[in-house]
1. Take the conditions among the hydroxyl-bearing types (Ser, Thr, Tyr) and modelled with pLDDT of 85 or more and apply them to Ser21. Does it pass?
2. In this structure, is Leu4 under 23 Å from Glu100 (Cα atoms), part of a helix (DSSP H, G or I) and modelled with pLDDT of 85 or more?
3. I'm told Ala91 meets every condition in (1) outside any loop (DSSP other than H, G, I, E, B); (2) modelled with pLDDT of 80 or more; (3) open to solvent by less than 50 Å² (accessible area, probe 1.4 Å) except one. Can you identify the failing condition by its number?
4. Looking at region 103-130, which of its residues are in contact with a Ser or Thr (Cβ under 8 Å, 6 or more places away or on another chain) and at pLDDT below 70?
Amino acid sequence: MAELALECGYPLSSLKERVYSSGAAQPDRFGILIYTSAAGGQGTLGGLSERAHDIGALLARAASRLSLCSNDPVCAEQARGNEDYPLQGAACHACLLVPETSCEARNGRLDRSLLIHTVLGQGSPLLAPRIS
């Protein structure tokens, strides 16, 4: 969502998300809805909907930004969560968290080490950034 906010003109706080998944029964069926509920002159809805045509490149840029966080290595060390944030892995306000009004799940269960290798060398290369 942060990468999308950079490109579409809406501030991150005005974007909201909803993730749809059919679960383990049909793992290849899923969807992501990112929308805005802000009225007024903050960006254009056309700018937001136009980004859907280039979603692959948008995800690749977002994945490359995830490899480092300005709070690393402290952020990456939280890969398994701790007693303060048991549902939180390698995620902080600098890399993954969005304003709480934007996230239905209140930023729970986020961990960038599930998607990419972090500076500690842990994680899955599920969204391995392409170097061009």
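The values are calculated or read from the model by the stated rules, or taken from the named source; none is laboratory data. Since this is a predicted model, take the numbers as computed values, not measurements. Note that each Cβ is placed from the backbone with ideal geometry, even for glycine, and that neighbours are counted across all protein chains shown. Note: areas computed on protein heavy atoms with side chains; ligands, DNA, RNA excluded. Shrake-Rupley method; radii C 1.70, N 1.55, O 1.52, S 1.80 Å.
1. Values: among the hydroxyl-bearing types (Ser, Thr, Tyr): yes; modelled with pLDDT of 85 or more: no.
No.
2. Numbers: under 23 Å from Glu100 (Cα atoms): yes; part of a helix (DSSP H, G or I): yes; modelled with pLDDT of 85 or more: yes.
Answer is yes for this residue.
3. Failed condition: (1).
4. Matches in region 103-130: Gln122, Gly123, Ser124, Pro129, Arg130.
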